[in-house]
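Trainee: Here it is: the structure, laid out below.
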Amino acid sequence: MALTLLGSLPAQALTVTDARGSFTIDHVPQRVVALENSFVDALAAVRVSPVGVADDNQPERLLPEVREATGPWQSVGTRSQPSLEMIAALKPDLIIADTSRHAGVYNELRKIAPTLMLQSRRETYADNLKSAAIIGEVVGKKAEMQARLQHHQALMASYARQLPQGKVVQFAVARENTLYLHTPDSYAGGVIQSLGLKVPSVSATDQQESRQISLEQMLAINPDYLVVGTYAGNSIVQQWQTEPLWQALTAVQNNHVYTVDGNAWVRSLGILAAEHMGADLVRIFTQP
């Protein structure tokens, strides 16, 4: 059962550094609204239940272990356009918002409640862990979060010991007619590298954390292992499977193409999400 009681009231105001500079709060929040999946993951890591979540009206997209630790909550709409009216109706005493998606409504949000601005969209794995530590401190769970992060590092280290170090693993997201490669600077790329695996480099002129690629470009990369995140239904991978260039891929020839849940690998950033990804990779490399 999810816990809703947060830490005891602080003796003085707490100040942390967020994406806008300094964020100060003079109470331990009891009614938190989280506007990104990674923020919900951080709350779940220390078993804090938000009263509201921008869950895209599809709570099933969040990991089951996140929902178990934090739900139920009230949906406040989509991550890209959360409802200010629904947020205000929940009478939150803390809003956690994304620097990319919610910069335009920051002033409106802070009129409702103190608003902690952190990066979620396009964040790296390392940045995510730093944000989780800040969230833990703000919600009065600093010690619990530090302990959880230590457990996380130990668990990821145990996964790394089960993986063949140095193997080149490319993660990509397959949609109906497009394939998006995730670079070393992406969240997924960071998790993969933290486990001792390698992610193919991209050109110095392409700094995007993901980019659309063609089958010819995939063959030029030609990774040892290809992990494909899918959402639902048929994808471009099914179309490419009959192509000679697809059959020429080393990963295809060695039966090293694997499918994973796109929600878990792309939408569900966070401590629990990274552990889910680590467990997936162990299964990939240890299955017969």
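Trainee: Consider segment 145-167. How many of its residues are of a type in the set (Lys, Arg), in a helix (DSSP H, G or I) and in contact (Cβ under 8 Å) with a residue 24 or more places away in the chain?
Mentor: 1
Trainee: Continuing with the same structure: Checking Tyr231 against (1) more than 25 Å from the chain's Cα centre (by Cα); (2) more than 20 Å from Phe285 (Cβ to Cβ); (3) in contact (Cβ under 8 Å) with a residue 24 or more places away in the chain; (4) open to solvent by 30 Å² or more (accessible area, probe 1.4 Å), which single condition isn't satisfied?
Mentor: Condition not satisfied by Tyr231: (1).
Trainee: Within segment 181-204, can you find the residues that are open to solvent by 70 Å² or more (accessible area, probe 1.4 Å), outside any helix (DSSP H, G or I) and at pLDDT 90 or above?
Mentor: Selection gives Lys198 alone.
Trainee: So which residues in segment 123-179 are under 20 Å from Ser268 (Cβ atoms), modelled with pLDDT under 95, in contact with a helix residue (DSSP H, G or I) (Cβ under 8 Å, 6 or more places away or on another chain) and open to solvent by 30 Å² or more (accessible area, probe 1.4 Å)?
Mentor: Once the filter is applied, which keeps residues that are under 20 Å from Ser268 (Cβ atoms), modelled with pLDDT under 95, in contact with a helix residue (DSSP H, G or I) (Cβ under 8 Å, 6 or more places away or on another chain) and open to solvent by 30 Å² or more (accessible area, probe 1.4 Å), segment 123-179 yields Thr124, Ala126, Arg175.
Trainee: Another question, if that's okay. Does Gln170 satisfy the condition of being out of contact with any Ser or Thr (no Cβ under 9 Å at 6 or more places or on another chain) and either in a loop (DSSP other than H, G, I, E, B) or β-branched (Val, Ile, Thr) (or both)?
Mentor: no
The values are calculated or read from the model by the stated rules, or taken from the named source; none is laboratory data. Please read these numbers as outputs of a predicted model, since none were measured by experiment. Note that each Cβ is placed from the backbone with ideal geometry, even for glycine, and that neighbours are counted across all protein chains shown. Ligands, DNA and RNA are excluded from the accessible area calculation, which covers all protein heavy atoms including side chains. Shrake-Rupley method; radii C 1.70, N 1.55, O 1.52, S 1.80 Å.
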